[in-house]
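Everything on this sheet refers to the single structure shown next.
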Amino acid sequence: MHFKNLQLESPLMLSPMSGFTNLPFRVAIRALGGLSIATTDFVNARSLIELNPKAIQLVSASSWDRPLGVQLFGGNKSELSDAAKFLEDLGIDFIDINLGCPSHKVTRSGAGAALMQNEELTEELLHSVVRSVKIPVTAKMRLGWNSINAHIIAPRLEQMGVAAVAIHGRTKEQGYSGKVNLDGIRMVVDSVKDIPVIGNGDVHNHWDARKMINEIGCSGVMVGRAALQNPFFFKGTHCFLMTGKEPPEISLEQRLAFMHLHFSLALRFWGEERACVVFRKVVPGYSEYFPKMNQWSAGVQHLSTIEEYRQLVARLAPQGLPEWAYFPQNDQHLYLEVLNLISDEH
C-alpha cells in the first residue's frame with residue numbers, strides 16, 4: 001500500500017488519540033514491530049503557525065518514529081495551508097486533516113466533524129492544503145454528522161489529490177457509542193477509484209482487522225483504543241495477516257518490559273513530573289492484562305515520582321520475575337531486554 005510516493009510495509013496504522021499518541025508512546029510501540037504509520041495527536045493549525053509551545057511539542061519527531069504524519073484541525077484554509085507548509089519544511093512525511101473529531105470544543109469552531117456538514121468548505125480546505133505541499137495529504141473522517149455522506153465527500157477529495165482517507169464507522173452524533181457501521185465504511189470503499197480507504201472503529205483484535213480488510217475491502221486498518229491496552233496488537237496482527245497464524249500469547253514479563261520502556265521514554269521527553277502525570281492515564285490501560293488490575297489503576301491515580309512508580313511495580317508485580325522487571329536502572333539495559341523479549345523467537 002502507498003500514499004502517493006510514501007510506501008507502507010504494513011496495512012496497520014496507529015490512530016491519533018488526544019493525550020496518548022505522543023512521541024514516547026509512538027517510539028515505544030514502534031519497537032514492537034508491525035506498525036506502518038503513526039499520526040500525532042491533533043494539532044490546532046493556528047496554534048502551530050503561531051509557534052505555541054504546546055503545539056510545537058505535539059509535533060516533536062524522532063528518526064525512530066517514521067513514517068510520521070501530523071494531524072491538523074481547523075476551519076481556515078490559509079491557516080491549514082501555512083501549517084502544512086511549516087510541517088513539510090520540518091520533514092514530516094504526510095499531513096492528515098481532521099474531519100472526524102466529535103468534541104464540542106473542536107466542532108463549535110467549524111472544525112473536526114463539523115466540516116462533514118459543509119461539503120463545499122471541506123473540499124475547499126483540502127484542496128488548498130494539497131496545493132500547498134508536495135508531501136501526501138490524507139483525511140480522517142467519520143461517516144457523517146447525523147447521516148452518512150462520507151461516500152459523497154471521499155471521491156471528491158480523491159479528485160483534488162488527497163492521497164488516502166481513513167473512515168471511522170460512526171457518525172458524529174453517535175460519538176463512540178453503538179456499533180461501527182461496516183456497510184457505511186464499505187460505501188466509502190466503493191466510492192473511490194484508486195486511493196486507499198483505511199477502516200477505523202471497533203477493531204479489537206486480529207480477527208476484526210482481517211475482516212475490515214478482506215470483507216469490507218479496506219486497504220488498511222487504523223487502531224487506537226485497542227493499542228492503549230495491548231500495544232503488541234500491531235506485531236501480532238501483522239504476522240496473522242501475512243501468515244494466518246494466531247498471534248502468540250504475550251507474557252506478563254513482556255508487558256512489563258514494554259510499560260517500563262514507555263515510562264523511560266516519557267521521563268526522557270518530559271521529565272519526572274509531567275511523565276508521571278501522563279502515566280496516570282496510561283497504566284490503567286496496560287493493567288487490563290495484569291493480575292490485580294484494579295489495584296494497578298488505583299495505585300497510579302496520584303503517581304508523582306519515579307520512586308512511587310518503582311514501589312507500585314514492586315508491590316503489585318508477581319514475585320519471581322527477573323530483577324529488571326521491577327524497573328531497571330538504565331535505559332540501555334531496558335531497551336536490550338525489550339528487544340530480546342519481543343524478538344521473533346517469542
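Key figures
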read-out: Residues (open to solvent by 30 Å² or more (accessible area, probe 1.4 Å) and over 11 Å from ILE37 (Cβ atoms)) located in segment 63-73; value: SER63, TRP64
read-out: Boolean, PHE240 is surrounded by fewer than 21 Cβ atoms within 10 Å (Cβ to Cβ), under 22 Å from ALA28 (Cα atoms) and modelled with pLDDT of 95 or more; value: yes
read-out: Test result for VAL197, more than 16 Å from ALA163 (Cβ to Cβ) and aliphatic (A, V, I, L, M); value: no
read-out: Long-range neighbours under 7 Å by Cβ, at least six apart or interchain, first residue on the phi > 0 side of the Ramachandran plot within segment 190-208, second surrounded by fewer than 16 Cβ atoms within 10 Å (Cβ to Cβ) and of a type in the set (Lys, Arg); value: ASP202/LYS179
read-out: Number of the exception - TRP296 against (1) closer than 30 Å to VAL59 by Cα; (2) crowded, with 18+ Cβ neighbours inside 10 Å; (3) more than 23 Å from the chain's Cα centre (by Cα); value: (1)
read-out: Given (1) farther than 14 Å from ILE95 by Cα; (2) part of a helix (DSSP H, G or I); (3) open to solvent by less than 60 Å² (accessible area, probe 1.4 Å); (4) out of contact with any Asp or Glu (no Cβ under 6 Å at 6 or more places or on another chain), index of the condition LEU48 fails; value: (1)
read-out: Index of the failed condition, GLU249 passing every other in (1) surrounded by fewer than 20 Cβ atoms within 10 Å (Cβ to Cβ); (2) in contact (Cβ under 8 Å) with a residue 40 or more places away in the chain; value: (2)
read-out: Exclusive hit being touching a helix residue (DSSP H, G or I) at 6+ places or on another chain (Cβ under 6 Å) and more than 16 Å from THR138 (Cβ to Cβ), set VAL27, VAL43; value: VAL27
read-out: Pick from segment 106-125, criterion polar (S, T, N, Q) and more than 15 Å from MET160 (Cα to Cα), ranking: least open to solvent (accessible area, probe 1.4 Å); value: THR107
read-out: Options SER147, SER78; residue that is under 22 Å from VAL188 (Cβ atoms), open to solvent by 20 Å² or more (accessible area, probe 1.4 Å) and more than 16 Å from the chain's Cα centre (by Cα); value: SER147
read-out: Criterion (among the hydroxyl-bearing types (Ser, Thr, Tyr) and open to solvent by less than 30 Å² (accessible area, probe 1.4 Å)) met by exactly one of SER128, SER103; value: SER128
read-out: Some residue of segment 156-168 being farther than 21 Å from ALA38 by Cα and free of Cβ contacts under 8 Å to residues at least 12 places away in the same chain; value: yes
read-out: Filter result for LEU182 (out of contact with any Lys or Arg (no Cβ under 6 Å at 6 or more places or on another chain) and either under 20 Å from PHE42 (Cβ atoms) or among the hydrophobic types (A, V, I, L, M, F, W, C) (or both)); value: yes
read-out: For PRO231: the one exception among (1) in a helix (DSSP H, G or I); (2) crowded, with 16+ Cβ neighbours inside 10 Å; value: (1)
read-out: Top-ranked residue in segment 212-227 [being surrounded by fewer than 21 Cβ atoms within 10 Å (Cβ to Cβ), in contact (Cβ under 8 Å) with a residue 24 or more places away in the chain and not in a loop (DSSP other than H, G, I, E, B); ranked as nearest to the chain's Cα centre (by Cα)]; value: ARG225
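The values are calculated or read from the model by the stated rules, or taken from the named source; none is laboratory data. The model shown is predicted, which means the values in this text are computed figures rather than measured ones. Virtual Cβ from ideal backbone geometry, glycine too; neighbours counted across all protein chains shown. The area values use the complete protein model at the heavy-atom level, side chains included, leaving out ligands, DNA and RNA. Shrake-Rupley method; radii C 1.70, N 1.55, O 1.52, S 1.80 Å.
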